[in-house]
Amino acid sequence: MEAELPTDYDVIVLGTGLVECIVAAASARVGKKVLHIDKNDYYGGQWASFTLKGLEQWVEENSSAAQQETAKEEQEAKGGEMLVRTSDPRQVYSKVKLGWHLQNAKTPEATPIDINSDSVGSQRCMGEDESTDINKESQAKLETKDEAQHCRTWSQDDVRDLSRKFNLDLAPKLLYSRGSLVELLISSNVARYAEFKCITRVLTWVASREGEGNLLVVPCTRSDVFTADTISLIEKRLLMKFLEFCHSYEENPEQLEEYADKLFVDFLKSRKLTDNLIHFVMESIAMVSREVSCREGLERMKLFLTSLGRYGATPFLFSMYGCGELPQAFCRLCSYDLQWLRCSGRLEGCCPAAFW
């Protein structure tokens with residue numbers, strides 16, 4: 001016997017993006033009766049994560065022709081109903097298409113060499129020279145087969161067979177270990193419903209005078225700075241002194257009065273940082289543009305430095321199963337603390353995510 005659904009709600013939330021899930025979870029935790037619905041059959045909205053086949057389906061649904069057809073269907077209202085248009089997340093995407101750089105069909109596997117076959121056994125009836133030639137040819141085939149195993153040629157079907165090995169995010173995000181989102185995950189106990197991995201290295205691209213370039217490890221800790229061979233000894237001292245200042249810049253406001261309304265890059269030059277160090281600081285530590293203010297640049301520097309060492313050698317965390325896990329985690333929080341009902345059917349064009 002199906003349970004009767006409630007008819008009165010304090011809060012109705014449309015969509016299962018990260019913001020919507022946080023609002024729904026917070027409302028449910030304070031005792032509000034929440035109806036949380038989503039027209040999609042997946043969590044996340046613009047934060048969704050897909051397998052490879054799921055991404056192909058999403059691309060097909062968000063193509064221009066599909067969007068126009070869906071819009072026509074949604075405009076059909078029944079008698080006595082009034083259509084109320086809300087924001088459409090699909091309007092964020094345009095010119096969505098999927099392209100492959102692999103061949104369509106599976107590559108036929110090489111036929112193994114049967115050492116007991118007549119062609120090999122007939123060597124006994126041949127002369128020594130002919131037998132030697134066949135042995136060399138067989139050995140060459142075996143070496144070719146080994147090389148083919150190491151240098152496999154992939155096809156679209158081969159990759160699709162491994163669809164569930166992929167976690168493809170619509171909006172990939174890295175989280176600072178001491179960022180506001182991580183603090184929210186911890187304080188709300190949502191972190192127990194997700195798994196994270198610490199990024200092992202931070203790299204930056206440094207172009208050379210010849211027009212080429214290299215990926216270099218960003219020196220962001222004391223040990224990294226003194227073991228780096230990409231900066232000179234003088235630069236190491238300048239960088240360490242500047243990093244120490246950024247960690248506690250709020251304790252010395254008088255040093256920032258002159259640059260309160262100036263750019264961050266001008267402040268870096270006033271600290272006598274070289275062009276090489278300015279590149280590391282702006283592109284890979286603060287991660288800001290040259291138009292950012294001094295105050296904002298220092299805030300980003302401090303966030304980077306204070307996040308170091310909390311969970312690993314770098315300040316960044318990444319959701320192991322994609323950013324789409326974060327919205328789901330907030331939904332799981334309420335499903336654990338409160339009684340709720342998941343409905344797999346469609347409710348007048350919407351797929352209810354949960355009733356709390």
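Of note:
- Net charge over other residues, Cβ less than 11 angstrom from the Cβ of residue 33 (K, R count +1; D, E count -1): -1
- Given charges at Cβ of Lys, Arg, Asp, Glu: region 146-300 dipole, positive-most of 155, 184, 202: 184
- Among the protein heavy atoms, those of residue 53 account for about 110 Å² of accessible surface (1.4 Å probe, every chain in place).
- Protein-only accessible surface at a 1.4 angstrom probe places the residues 153, 227 in the order 227, 153, largest first.
- The charge dipole of region 168-254, taken about its Cα centre with unit charges on the Cβ atoms of Lys, Arg (+1), Asp and Glu (-1) only, comes to about 240 debye.
The values are calculated or read from the model by the stated rules, or taken from the named source; none is laboratory data. None of the values given here were measured: they were computed from a predicted structure. Using ideal geometry, Cβ is built from the backbone for each residue, glycine included, and neighbour counts are taken over all protein chains shown. Side chains are part of the model used for accessible areas, which takes the heavy atoms of the whole protein and leaves out ligands, DNA and RNA. Shrake-Rupley method; radii C 1.70, N 1.55, O 1.52, S 1.80 Å.
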